[in-house]
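Enquirer: Have a look at the structure that comes next, please.
Values quoted throughout were computed directly from the atomic coordinates according to the rules given, and no laboratory measurement underlies them. Just so it is clear, the structure is predicted and the values come from calculations on it, not from any experiment.
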Amino acid sequence: MRSIVSVIIIAVLILLVLVFVTNPELLDGVWLWLIGLAGGVIGFFRNIVDQIRGVFKNQGESELATAGATAGAQGQPQVAAPQQPDAFTQTVKKVDTLIEKIEGGNTVFPANPTFDGTTLTVLRYSDDGETTLGLLFLRNQFIAYCLEDTFREEKVQGETRIPSGIYDVDFLKQDTNLTKKYREKYPWFTYHLEIKNVPNYTGVFIHIGNTHKDTAGCLLIADGINASSVNRMIVESANAYKRFYLRMKDLIESGEKLRIVIHDENWFKKVNLHTI
């Protein structure tokens, strides 16, 4: 059986040789067909290899991104593009430096033996014609940033900060709509802290807010600032207010007298400090 198959194969090969010898143009066609077949086979396997490589590449990138996110969550250092300090960052640094100078000075908060109580001090340092930014101190120690409306020669209702001066601070023991609103939202709240006896003003409170739109002559306090020229505002107000409010509440309920001393921007020149 094997011999018969071998004979047939040899006969076919001889026949093919004779055909190609007598018709050489057929050899060119078959050769081109063989090259095309080989190219198709090679391209098929190359596509398969490329797809396999793509799968492993995407998986590797995904794992790298996950590892980077995990490292960030765990506080491990990540490589980041260097950033140039902007005007806002520089302003914050200037404010921090200013606070250090104020707290370290001896003539910044002169003693007042005639007042037997606790003094809050507001140092206004910037007014852009719409918003006033300031620093709030308690017993000569910085405790919060603050924000008010702008200064105006003539008062515009709801858009003007109160004049600089010395005022008493105490609870306004009235159940106003605003008081009820705060009490419902904050279980620790009782009554609003009022800056009292301000000429030509009523209902001046210390409360939560972020921009001049949140105040109508009142004093807003917060733990951070955004002093950019685009949007002057304070941030993290609720946390700062709760901390401040509970301290004032303890003092008032213990019988301590409270007052607030507010200085305008020109005060810095009087003590040889440069404002921002």
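Enquirer: Multiply the residue separation of residue 130 and residue 267 by 0.36 nm, subtract the distance between their alpha-carbon atoms, and state the gained length in nm to one decimal.
Expert: Contour length minus the Cα-Cα distance gives 47.3 nm.
Enquirer: Also, quick follow-up: Would you mind checking which residues have amide H under 5 Å from residue 209's amide H? H placed 1.01 Å from N; only 5 or more apart, or other chain.
Expert: HN-HN under 5 Å from residue 209: 221.
Enquirer: Could you sort out which of 155/185; 180/249; 155/213; 155/181; 155/257 sit more than 26 Å apart by Cα distance in this structure?
Expert: Pairs exceeding the cut-off: 155/185; 155/181; 155/257.
Enquirer: Gain in length, residue 197 to residue 250, computed as 0.36 nm per residue apart minus the alpha-carbon separation, to one decimal in nm?
Expert: The span from residue 197 to residue 250 would gain 16.8 nm if fully extended.
Enquirer: Let me ask something else about it. Stretched out fully, how many nm does the piece from residue 190 to residue 211 gain, at 0.36 nm a residue minus the Cα gap?
Expert: 5.1 nm
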